[in-house]
Each structure stands twice: as structure tokens, then as C-alpha cells.
Amino acid sequence: MKRLLVISACSGKKNAPPHAPMPSPKEIETLGIRIVNDERFSKFKKKAIDMYAGLEHLKISQSMKKIWQTYGYNFAELRIISAAFGMLKWNDEIIPYNVKFNEKCASYNRTLGIKLSIPHDFDCIVTEYDIVFVILGIPYLYSLNLPRKLPLSPTIVFFSSEKYTNLIPHQKNIFHIPAGSSLAKKTGKSPRTIKGILFERIAHEIIKEKNFLDLITSKPTAILTLLEDFL
């Protein structure tokens with residue numbers, strides 16, 4: 001049985017009450033994930049998959065839950081890159097926070113990513129799966145310290161803006177689906193949700209036909225055929 005890993009982004013919008021207290025960036029930097037046990041914040045903690053409320057995350061998380069309902073948790077895994085806590089498991093408990101990557105400063109995002117061990121964790125986790133979907137915006141790609149050589153297996157499919165193809169490594173096991181503002185404009189979709197919409201379509205096919213994951217693992221160009229109505 002082929003196994004799927006999805007790596008997606010956190011979101012600024014959180015599923016938390018407006019009055020929920022948040023730790024300072026300095027407190028997060030000092031304590032890291034241990035901050036979730038601070039009694040000032042702990043009553044507001046949730047699993048990462050349920051904390052983030054951005055539209056793209058909601059589409060990805062809802063699709064993942066349907067995959068798990070169909071095939072179980074061993075079939076697929078979701079990891080979420082957080083500017084506060086690094087590479088999170090979907091069921092890691094976190095608290096509301098306000099730490100972000102910088103939309104305009106690649107060097108800042110690279111430095112923060114390395115500090116949070118995001119490139120190292122990425123390289124370690126991807127080798128445990130047969131196919132990996134990397135569904136990330138530009139700041140998060142920089143947090144992976146791209147471009148650089150990535151593990152030579154498994155099949156890795158990047159869903160990201162066509163404007164930054166230079167960040168995607170040129171390797172036989174790596175495939176790029178252009179999913180940025182140009183595609184959003186072409187399809188009449190929001191740039192904030194287009195990557196999630198594409199994954200939603202792929203997830204639907206995986207749920208309908210389990211062997212589809214086997215197909216795209218060995219032949220990722222089959223994804224283009226599935227998404228031809230979008231692309």
C-alpha cells in the first residue's frame with residue numbers, strides 16, 4: 001500500500017475566541033512548543049488541524065479527514081509548517097499565537113526556517129512515504145531553504161506559484177503543479193484557496209479510486225490529466 005504525506009502551511013486566522021491571550025514572540029522563541037502548557041494559555045489549546053482557520057487550510061484539512069475516514073490514519077499523514085513551532089504533526093496541541101513569516105524577506109524566512117529545524121525535519125519525514133504533496137506559499141518555500149538538493153525519493157509534488165519555479169529543485173523525483181495567482185485568475189478562484197481546491201480534487205479521486213495514489217506515485221503527470229479542467 002502506497003502512503004501519502006501532505007505538507008501544508010499554517011494560517012494567520014485561528015479558531016480561537018477574540019479574548020484568548022497569546023504569548024509574546026519572545027516567550028515562544030524561549031519555550032517553543034512547551035509554551036502550550038503555560039496555564040495562561042493552556043485552556044485555549046487545540047490540535048493543530050483544528051486551530052488554523054484559513055480557507056486553504058480548511059479545504060486541505062477537510063479533505064484529509066475524508067481520506068482518513070476512508071482508509072485510516074496509516075494511509076496518509078498531514079504536517080503543518082508553523083512560523084512559531086516549525087513542522088507540526090496534525091494532532092500536535094498548540095495555542096493561539098501571532099508569529100508570521102515575512103511575505104517580503106526571503107532571508108528572514110530562510111533563517112527562521114533553519115532555526116525551527118524545518119529543512120531538516122522535511123528531509124527526514126519525506127523519506128518515510130511514497131508520495132509527498134507540498135502545498136505551500138512563497139514564504140514557506142523559503143523556510144525549507146529552497147532551492148537545494150532534496151532526498152532522491154519519494155515522489156515529491158509541489159503546488160506553488162508559477163512565478164517561483166526557480167525555487168523548485170530540478171530532480172527526477174520532483175514535479176511542480178503551478179498553483180498561483182495566474183491560475184486563480186484563469187479559473188476565477190481566489191489565490192488564497194486555489195492550492196486547496198486542487199488538492200480537494202485530487203483527494204476526491206484518491207477516495208474514489210485507491211489505486212489512483214499508486215498511479216500518481218509512479219506517474220505524477222497523471223495529476224495534470226485529472227486537473228486539466230483547472231490547468
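Looking only at the stretch 65-90, count how many residues are in a loop (DSSP other than H, G, I, E, B), farther than 20 Å from D38 by Cβ, of a type outside the set (F, W, Y) and in contact (Cβ under 8 Å) with a residue 12 or more places away in the chain. Before the answer, list the steps.
Going through the stretch 65-90, the residues in a loop (DSSP other than H, G, I, E, B) turn out to be 72-75, 83-85, 90.
Okay, now just the ones that are also farther than 20 Å from D38 by Cβ, so 72-75, 90.
Subsequent filtering for residues that are of a type outside the set (F, W, Y) retains 72, 74.
This time we only want the ones that are in contact (Cβ under 8 Å) with a residue 12 or more places away in the chain, so: 74.
Summing the residues that are in a loop (DSSP other than H, G, I, E, B), farther than 20 Å from D38 by Cβ, of a type outside the set (F, W, Y) and in contact (Cβ under 8 Å) with a residue 12 or more places away in the chain in the stretch 65-90 gives 1.
What are the residues in the stretch 114-153 that are aliphatic (A, V, I, L, M) and part of a loop (DSSP other than H, G, I, E, B), if any?
Residues satisfying the conditions are L116, L136, L144, L146, L150, L152.
Quick one: in the stretch 108-134, of everything that is touching a residue at least 12 places away in the same chain (Cβ under 8 Å) and polar (S, T, N, Q), which residue is surrounded by the most Cβ atoms within 10 Å (Cβ to Cβ)?
Among residues in the stretch 108-134 that are touching a residue at least 12 places away in the same chain (Cβ under 8 Å) and polar (S, T, N, Q), the one surrounded by the most Cβ atoms within 10 Å (Cβ to Cβ) is N109.
Can you go through L152, L136, L183, L141 and tell me which one is within 24 Å of F101 (Cα to Cα) and out of contact with any helix residue (DSSP H, G or I) (no Cβ under 7 Å at 6 or more places or on another chain)?
Values: L152 fails: within 24 Å of F101 (Cα to Cα); L183 fails: out of contact with any helix residue (DSSP H, G or I) (no Cβ under 7 Å at 6 or more places or on another chain); L141 fails: out of contact with any helix residue (DSSP H, G or I) (no Cβ under 7 Å at 6 or more places or on another chain).
After ruling out the rest, the residue left standing is L136.
Looking at E200, E205, which is the one that is part of a helix (DSSP H, G or I), of a type in the set (D, E, K, R), closer than 18 Å to K65 by Cα and more than 19 Å from the chain's Cα centre (by Cα)? Spell out the reasoning first.
Working: E200 fails: more than 19 Å from the chain's Cα centre (by Cα).
Result of the check over E200, E205: E205.
If a residue has to be at pLDDT 85 or above and farther than 16 Å from Y140 by Cβ to count, how many in the stretch 175-192 make the cut?
Our first condition is that a residue be at pLDDT 85 or above; within the stretch 175-192, this holds for 175-179.
From what is left, the residues that are farther than 16 Å from Y140 by Cβ are 175, 178.
Going through the stretch 175-192 one residue at a time, the tally reaches 2.
Per-residue answers, yes or no, for (1) surrounded by fewer than 19 Cβ atoms within 10 Å (Cβ to Cβ); (2) under 23 Å from L198 (Cα atoms):
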| residue | (1), (2) |
| --- | --- |
| P23 | no, no |
| E29 | yes, no |
| E39 | yes, no |
| S42 | yes, no |
| K46 | yes, no |
| M64 | no, yes |
| Q69 | yes, yes |
| G86 | no, no |
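Right, P191: surrounded by 18 or more Cβ atoms within 10 Å (Cβ to Cβ) and not in a helix (DSSP H, G or I) or not? Step through it out loud before you land on a result.
Details: surrounded by 18 or more Cβ atoms within 10 Å (Cβ to Cβ): no; not in a helix (DSSP H, G or I): yes.
Answer is no for this residue.
Please find, within the stretch 208-223, the residue that is surrounded by the most Cβ atoms within 10 Å (Cβ to Cβ) out of those that are over 20 Å from the mean Cα position of the chain (by Cα) and hydrophobic (A, V, I, L, M, F, W, C). Reasoning before the result, please.
In the first step, residues of the stretch 208-223 are kept if they are over 20 Å from the mean Cα position of the chain (by Cα); the result is 208-212, 214-215, 218-219, 221-222.
From the residues that got through so far, the ones that are hydrophobic (A, V, I, L, M, F, W, C) too are 212, 215, 222.
Values: F212: 18, L215: 16, A222: 14.
Among residues in the stretch 208-223 that are over 20 Å from the mean Cα position of the chain (by Cα) and hydrophobic (A, V, I, L, M, F, W, C), the one surrounded by the most Cβ atoms within 10 Å (Cβ to Cβ) is F212.
The values are calculated or read from the model by the stated rules, or taken from the named source; none is laboratory data. The model shown is predicted, which means the values in this text are computed figures rather than measured ones. All Cβ positions, glycine included, derive from the backbone under ideal geometry; neighbour counts span all protein chains shown.
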